[in-house]
There are 6 protein chains.
Amino acid sequence: MVYIQRRERFSSAHQLFNPNWSIEKNDEVFGKCANKNFHGHNFNLIVTVKGSINPDTGFVMNLVDLKRLMKIYVTDKLDHRNLNTDVDFMLGKMASTEVLAVEIWKILEPKISEHHAFLHCVRLEETENNFVEYYGE
Amino acid sequence: MVYIQRRERFSSAHQLFNPNWSIEKNDEVFGKCANKNFHGHNFNLIVTVKGSINPDTGFVMNLVDLKRLMKIYVTDKLDHRNLNTDVDFMLGKMASTEVLAVEIWKILEPKISEHHAFLHCVRLEETENNFVEYYGE
Amino acid sequence: MVYIQRRERFSSAHQLFNPNWSIEKNDEVFGKCANKNFHGHNFNLIVTVKGSINPDTGFVMNLVDLKRLMKIYVTDKLDHRNLNTDVDFMLGKMASTEVLAVEIWKILEPKISEHHAFLHCVRLEETENNFVEYYGE
Amino acid sequence: MVYIQRRERFSSAHQLFNPNWSIEKNDEVFGKCANKNFHGHNFNLIVTVKGSINPDTGFVMNLVDLKRLMKIYVTDKLDHRNLNTDVDFMLGKMASTEVLAVEIWKILEPKISEHHAFLHCVRLEETENNFVEYYGE
Amino acid sequence: MVYIQRRERFSSAHQLFNPNWSIEKNDEVFGKCANKNFHGHNFNLIVTVKGSINPDTGFVMNLVDLKRLMKIYVTDKLDHRNLNTDVDFMLGKMASTEVLAVEIWKILEPKISEHHAFLHCVRLEETENNFVEYYGE
Amino acid sequence: MVYIQRRERFSSAHQLFNPNWSIEKNDEVFGKCANKNFHGHNFNLIVTVKGSINPDTGFVMNLVDLKRLMKIYVTDKLDHRNLNTDVDFMLGKMASTEVLAVEIWKILEPKISEHHAFLHCVRLEETENNFVEYYGE
């Protein structure tokens, strides 16, 4: 079992806001992240796929395919978008990095399985100091 | 003459949009950067100050003072804000990184001069691939 | 179960030295790290916390709280200090990065548990080439 | 059990090519990586070793020893070499990063065991976006 | 006058070799860089363009145009290629990073001038430790 | 005229302290940097050399020579040392990064001139946020 990783990048706006709470409660919990006009980040998305090495290619999975899946199903929908208002799979959900990582897992896991490999980890880097990882369970 | 540099960071939303143009023209020129619901970035701001070394301190300028000026007058106004709607010194201006660098220069130049040193360069890093520098002329 | 990570930084002096050994033996084992007048590093501390996502916040744990715990109990005691002489929880111990990681775990593990989350990993980066991780067992 | 990591670097040429396939099939699967005159990368090799802390040194394993093993047995054979033609332990194998990680594991695992520690992971970073990890099973 | 910078990447094989010298002389001067089967690097190319800000766009030059020029005329010809054998504008020249920077300048300078801006600097990063800059004179 | 740059690293302890001042005055001006037991950093030293390209080598100056000069005359004297007490060329001087940059210039400038090239800049990076540059005048 070998693990391969691919990094892709996207730049998005978002806001942390719970609509069931008052503005005061949102400000208290989320601080400056609750700014009503949004803020934004350059996100790194690092996807780890595991599998055995195909002896004909030396690959666990062709990175060209992994790049394409990440781009079509994830980063094209997130890049230069607003995570609160523009992304179908985030509508009605908290736009936190934790929730985003779980939703990306749900999208990529079945797509990668079609390539005789297994999604192992979805990692998001929101700033140079804040990171989230999800392993599917 | 010695040059010192300080990096600070801020995370902001913005949109590239010329209100004198049609939406089609904006989309044509700015592409995905014109998204009406904004996108965002982690920006690095690197300020270069030049001056002679004070023999009592070994400093061109105390970095504690430079950090404070950058924070109070610039990054506190930009961090977790929307460059198009929330920042007094950007209102009515194109929210491009080039324009932002020039406006930051105008703010910091007189403040730094009060510390017997000279602003030399304002550098902004918008992504890991796109950078702007302004030297005041 | 989702994993969140926070990076904080500190700059410290230290020396690798076993007082039960001769100076020659210390020099033989620790080389230039045994320099009696100390050397130093910029350390990165990356703490990983695991837990389930709180549906009201989208968070495993509020990063504001994690930052505060890391700062009050760890980095405020290490930053711009000497690991051999200035840090209460390192006195009488080898000032290696391995030992420091274990001691940071002991301090942070009970504090993080109070926030309905679990410390998963303490990672220290001493240079761009040397790293240590501790998972509590 | 504590984990220590050491990064070393090497710069190599390589080509992805399966000699049992036609040139057309190689181009189809490997794309520009099949270029017959080779291309190249700056690789990062990160080796993780696990073990208990020696109370006399504060070390899992002296990094001087780990550096030496990585250099003598691995990076001296790879750096400024061609992975397809110049490296004894890669001859006749696909010069993919996955295969290289497995071969480095086979070389280092017995050498590290002689130091009362255990090889845990071989990580290779081929570019800033593509990474491979192998854990020995 | 504002300066904008764009980074692009390419991965190439090369060899330092002077055909007018003996192999011994080449080995003496170029060391391991003279390996006859080539080695390789991930190069960063950072191009700096200077000009005044267009008030309609807030841009010195549209980065979409700068990216396209860098890609079509430079990195598409270098990426996954051999600098000694595959690149038309390097044939018969020493494949050093210095020479490559000068040749890239010659190619990009007239192309950028067509966009009412001026090429200011071509920077190449060959490893994390070795860099070259050329300012056209 | 082409510019080449070489980065080397060193890890040192230091303290900012003016012996002509009271402890209180030192604490007021230098804050935590005045800690009497020292603190430390991983420094990056980036030296820029300018010159014309030698047509026989494609080099401004052989990086092997530049590395050797930087190592023998500078980093071997600084690495794993205390800048206040262990470094001959810093004795009696303020151990600030500004002063260190100027002293490194004085050492390297005549050595590089012997290689038919010119020292252009000494850059020191003290942390990921604080940098100093000196151009010799």
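The values are calculated or read from the model by the stated rules, or taken from the named source; none is laboratory data. From a predicted model like this one, the values you see are computed outputs, not experimental measurements. Glycine gets a Cβ as well: all are built from the backbone with ideal geometry, and neighbour counts include every protein chain shown. Surface accessibility is based on the protein's heavy atoms, side chains included, excluding ligands, DNA and RNA. Shrake-Rupley method; radii C 1.70, N 1.55, O 1.52, S 1.80 Å.
Given the residues D:GLY40, D:GLY31, which is the only one that is within 14 Å of chain E (Cβ to nearest Cβ), over 24 Å from A:MET1 (Cα atoms) and not in a helix (DSSP H, G or I)? Full working, then the answer.
Details: D:GLY31 fails: not in a helix (DSSP H, G or I).
On inspection, the qualifying residue turns out to be D:GLY40.
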Quick check on region C:53-110: of everything there that is of a type in the set (Ser, Thr, Tyr) and not in a loop (DSSP other than H, G, I, E, B), which residue is farthest from F:ASP27 (Cα to Cα)? C:THR97
Run E:GLU103 past the list (1) without any contact (Cβ under 8 Å) to a residue 24 or more places away in the chain; (2) over 12 Å from the mean Cα position of the chain (by Cα) and report the number of the one that doesn't hold. (2)
B:ILE72 versus (1) facing another protein chain (nearest Cβ under 9 Å); (2) open to solvent by 20 Å² or more (accessible area, probe 1.4 Å); (3) under 30 Å from F:VAL99 (Cβ atoms): which is the lone unmet condition? (1)
Residue by residue through region D:95-118, note down the ones that are farther than 30 Å from A:PHE10 by Cα and either surrounded by 21 or more Cβ atoms within 10 Å (Cβ to Cβ) or among the hydroxyl-bearing types (Ser, Thr, Tyr) (or both). D:ALA95, D:VAL99, D:LEU100, D:ILE104, D:ILE112, D:SER113, D:ALA117
Kindly evaluate A:MET61 against the criterion of being aliphatic (A, V, I, L, M), within 10 Å of chain C (Cβ to nearest Cβ) and on the phi < 0 side of the Ramachandran plot. no
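Conditions (1) within 14 Å of chain B (Cβ to nearest Cβ); (2) at negative phi; (3) touching a residue at least 40 places away in the same chain (Cβ under 8 Å), marked per residue:
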| site | (1), (2), (3) |
| --- | --- |
| F:ASP65 | no, yes, yes |
| F:LEU83 | yes, yes, yes |
| F:ALA95 | yes, yes, yes |
| F:GLU98 | yes, yes, no |
| F:GLU128 | yes, yes, no |
| F:GLU137 | yes, yes, no |
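Can you name the residue in region F:47-60 that is buried (at least 23 other Cβ atoms within 10 Å of the Cβ) and within 23 Å of the chain's Cα centre (by Cα) and, of all such residues, is farthest from C:LEU16 (Cα to Cα)? Lay out the reasoning, then the answer.
Step one: list which residues in region F:47-60 are buried (at least 23 other Cβ atoms within 10 Å of the Cβ), which gives F:47, F:49, F:59-60.
Now restrict to residues that are within 23 Å of the chain's Cα centre (by Cα): F:47, F:49, F:60.
Values: F:VAL47: 30, F:VAL49: 36, F:VAL60: 41 Å.
Only one residue tops the list, namely F:VAL60.
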Within region B:1-22, restricting attention to residues that are out of contact with any Leu (no Cβ under 9 Å at 6 or more places or on another chain) and not in a strand (DSSP E or B), which residue is farthest from A:ASN37 (Cα to Cα)? B:MET1
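Out of all the residues in region B:116-133, which are over 30 Å from E:ASN62 (Cβ atoms) and modelled with pLDDT of 95 or more? Reasoning before the result, please.
Of region B:116-133, the ones over 30 Å from E:ASN62 (Cβ atoms) are B:116-118.
If the condition is that a residue be over 30 Å from E:ASN62 (Cβ atoms) and modelled with pLDDT of 95 or more, then B:ALA117, B:PHE118 are the ones that fit.
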Taking B:LYS71, is it among the basic types (Lys, Arg) and free of Cβ contacts under 8 Å to residues at least 24 places away in the same chain? no
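Modelled with pLDDT of 95 or more, surrounded by fewer than 20 Cβ atoms within 10 Å (Cβ to Cβ) and outside any strand (DSSP E or B): does that describe F:LYS25? Spell out the reasoning first.
Working: modelled with pLDDT of 95 or more: yes; surrounded by fewer than 20 Cβ atoms within 10 Å (Cβ to Cβ): yes; outside any strand (DSSP E or B): yes.
Yes; evaluated as a whole, the condition is true for this residue.
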Output for region F:76-86, where each listed residue is crowded, with 20+ Cβ neighbours inside 10 Å and under 18 Å from F:LYS106 (Cα atoms): F:LEU78, F:LEU83
Report yes if some residue within region D:9-18 is more than 7 Å from every other protein chain (Cβ to nearest Cβ), surrounded by 19 or more Cβ atoms within 10 Å (Cβ to Cβ) and under 13 Å from the mean Cα position of the chain (by Cα); otherwise report no. yes
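Of A:THR57, A:THR75, which residue is within 19 Å of B:HIS41 (Cβ to Cβ) and of a type in the set (Val, Ile, Thr)?
On the way: A:THR57 fails: within 19 Å of B:HIS41 (Cβ to Cβ).
So the residue among A:THR57, A:THR75 that is within 19 Å of B:HIS41 (Cβ to Cβ) and of a type in the set (Val, Ile, Thr) is A:THR75.
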Inside region F:28-46, can you point out the residues that are over 22 Å from C:LYS36 (Cα atoms), in contact (Cβ under 8 Å) with a residue 40 or more places away in the chain and buried (at least 20 other Cβ atoms within 10 Å of the Cβ)? F:LEU45
